[in-house]
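The values are calculated or read from the model by the stated rules, or taken from the named source; none is laboratory data. On a predicted model such as this, the values are computed, not experimentally measured, just so you know. Methodologically, a virtual Cβ is constructed for each residue, glycine included, from the backbone with ideal geometry; neighbour enumeration extends over all protein chains shown. Protein only, heavy atoms only, side chains kept; ligands, DNA and RNA dropped before computing areas. Shrake-Rupley method; radii C 1.70, N 1.55, O 1.52, S 1.80 Å.
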Amino acid sequence: MSYDFAIWESDASTGEHDAAATFEELFARYLEADLVAPTAKIQTYSDALAARFPDDESEDTPWAAGGPSSNCSGPILYVAVRYSRADEVGVVAERLAQEHDLVFFDPQKAPRTPANGGEVTITTSRGTVALPDRWVSFLSQELRNFGGYVVVDRGRDHVFAQARNDNGTLTLEYRDGSPRQHYQVQGVDLGDVAEALSQWAENHRHFIDKHTWQRLTLWD
């Protein structure tokens, strides 16, 4: 798993909700499309951050998906840090952002506005269904056929967990905001799927520590 940070050129006095909206806009414009050359300020910041935490592929690197130099585009830098190093790197990254008059943003802590009042929505190949009382039996029915799926959405943009039957193999995924917080594990059993989706419906995340996840991103 990784912990992500974003740094960009903008008005540092914007509120947290405004910052979240700005982040989504900059991410879509500069990072989901082809990367462009960084601005001078972002390049200078990237160099300073890489000087503190080398931009390499050594075993002790804190970077989970490439260092600063490969993750900046235009006025924004977006880095994924190994979870165990998040606090260490975050303190330095935020301090450097202040020194360079840039906005430092933690997507994991940003408030998100629920799209449906925060209500849990369960979607299957049959459409939207009620929250099940017995998850194992419910999933046994929904995932018994190839292509069957169940999505648990808590009403926030890009925040969901889902399971599907991929030709007889159960695949479990969750996304917690940005594309870099999208993970998958394959070959799980029905009990683990039930545990994960029921926890997600109750806004718990304990199941995450039980599995070895593959991060799904446009950069992998």
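Would you mind stating whether Leu197 is open to solvent by 20 Å² or more (accessible area, probe 1.4 Å) and among the hydrophobic types (A, V, I, L, M, F, W, C)? It is false that Leu197 is open to solvent by 20 Å² or more (accessible area, probe 1.4 Å) and among the hydrophobic types (A, V, I, L, M, F, W, C).
Pull up the stretch 166-192, narrow it to residues that are among the hydrophobic types (A, V, I, L, M, F, W, C) and in contact with a Ser or Thr (Cβ under 9 Å, 6 or more places away or on another chain), then point me to the one that is farthest from Asp133 (Cα to Cα). Filtering the stretch 166-192 for residues that are among the hydrophobic types (A, V, I, L, M, F, W, C) and in contact with a Ser or Thr (Cβ under 9 Å, 6 or more places away or on another chain), the one farthest from Asp133 (Cα to Cα) comes out as Val185. Evaluated against (1) small (Gly, Ala, Ser); (2) assigned to a strand (DSSP E or B); (3) open to solvent by 30 Å² or more (accessible area, probe 1.4 Å), Ala33 falls short on exactly one condition, (2). Condition check for Asp56 on (1) in contact (Cβ under 8 Å) with a residue 12 or more places away in the chain; (2) in contact with a Gly (Cβ under 8 Å, 6 or more places away or on another chain): one failure, at (1).
The set of residues from the stretch 133-158 being out of contact with any strand residue (DSSP E or B) (no Cβ under 6 Å at 6 or more places or on another chain) and either closer than 18 Å to Asp4 by Cα or among the aliphatic types (A, V, I, L, M) (or both) comprises Val136, Leu139, Asp157.
Tell me yes or no: at least one residue of the stretch 90-105 is touching a residue at least 12 places away in the same chain (Cβ under 8 Å), surrounded by fewer than 16 Cβ atoms within 10 Å (Cβ to Cβ) and among the β-branched types (Val, Ile, Thr). Checked against the condition, which is being touching a residue at least 12 places away in the same chain (Cβ under 8 Å), surrounded by fewer than 16 Cβ atoms within 10 Å (Cβ to Cβ) and among the β-branched types (Val, Ile, Thr), the stretch 90-105 yields at least one hit. May I ask you to list the residues in the stretch 159-183 that are closer than 21 Å to Tyr83 by Cα and either out of contact with any strand residue (DSSP E or B) (no Cβ under 9 Å at 6 or more places or on another chain) or open to solvent by 20 Å² or more (accessible area, probe 1.4 Å) (or both)? Within the stretch 159-183, Phe160, Arg175, Asp176, Pro179, His182 qualify.
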